[in-house]
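Data first, discussion second: the structure below is written as structure tokens.
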Amino acid sequence: MAPHGRRGPPVDRARVWHRTVGERDFTVIDGLRVTAVPLTVLDASVDIGVTIMDSALLRKRVALDDLVDAQKRNAGRRGSPRAGDARGDV
């Protein structure tokens, strides 16, 4: 993910998309700003499959309420409907 206005050369086997992400959906790990676990899990479940979400929930890496909140905050964005389908309406 890259902020709007940021451009760079293409990277093999990588997809870059541009979108605005709210501050609640970021965290810092080892000095690097990355998307927080709930949004990352939702995005990965769209691209890789629902098993990512199942695994994160079973391993207690994320709470269902946090997934629901991230889904609501990002409704209408890339993959949002599919992530909501994978999560189910709770």
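Whether any residue in region 54-73 is loosely packed, with under 11 Cβ neighbours inside 10 Å, at pLDDT below 95, on the phi > 0 side of the Ramachandran plot and assigned to a loop (DSSP other than H, G, I, E, B) is what I want to check. Scanning region 54-73 turns up no residue that is loosely packed, with under 11 Cβ neighbours inside 10 Å, at pLDDT below 95, on the phi > 0 side of the Ramachandran plot and assigned to a loop (DSSP other than H, G, I, E, B). The set of residues from region 1-45 being part of a strand (DSSP E or B) and at pLDDT 90 or above comprises 26, 27, 28, 29, 32, 33, 34, 35. Scanning region 9-23 for residues that are within 13 Å of residue 74 (Cα to Cα), out of contact with any Lys or Arg (no Cβ under 7 Å at 6 or more places or on another chain) and surrounded by 10 or more Cβ atoms within 10 Å (Cβ to Cβ) yields a count of 1. Residues that are modelled with pLDDT under 70 and outside any helix (DSSP H, G or I) were ranked within region 74-89; the one that is farthest from the chain's Cα centre (by Cα) is 89.
The values are calculated or read from the model by the stated rules, or taken from the named source; none is laboratory data. Every value quoted in this text rests on a predicted model; they were computed, and no experiment measured them. Cβ atoms come from the backbone with ideal geometry, glycine included; neighbour counts cover every protein chain shown.
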